[in-house]
Amino acid sequence: MRRSQAEALTTLLGEFLREEGLETPLNQRRLISAWPDVVGPTIARYTGDVFIKNQTLYVRIKSAPLKNDLMMGRASLVSQLNQHIGAQVIADIVFF
């Protein structure tokens, strides 16, 4: 017997994660893991702690000149990171 209302597994999994409140933490973890891929290995080398709190990404940068450069392009970084994940995960970045 064949089912006529078959749904894709990705759709069902997405709905399950949303219903259980696990979608946001999963996306946050994916974004933190994507940081080195988005900024590249040179900037990732100067990166310390990375965490998200209240839709703000906090990143410890070990170089003051690099921190200043990143602050200038932080709106672009927010957009690139959210686009890489495919969801609106963060709204701002704070470098410390």
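Going through (1) among the charged types (D, E, K, R); (2) under 12 Å from the mean Cα position of the chain (by Cα); (3) surrounded by fewer than 12 Cβ atoms within 10 Å (Cβ to Cβ) one by one, K62 falls short only on (2).
You will find that of G21, G48, G14, G40, the residue that is touching a strand residue (DSSP E or B) at 6+ places or on another chain (Cβ under 6 Å) and exposed (fewer than 15 other Cβ atoms within 10 Å of the Cβ) is G48 and no other. Of everything listed in (1) in contact with a helix residue (DSSP H, G or I) (Cβ under 9 Å, 6 or more places away or on another chain); (2) surrounded by fewer than 11 Cβ atoms within 10 Å (Cβ to Cβ), the single unmet condition for Q5 is (1).
A short reminder: the numbers here are calculations on the coordinates, not readings from a lab. None of the values given here were measured: they were computed from a predicted structure. No Cβ is skipped: glycine too gets one built from the backbone with ideal geometry, and neighbour counts run over all protein chains shown.
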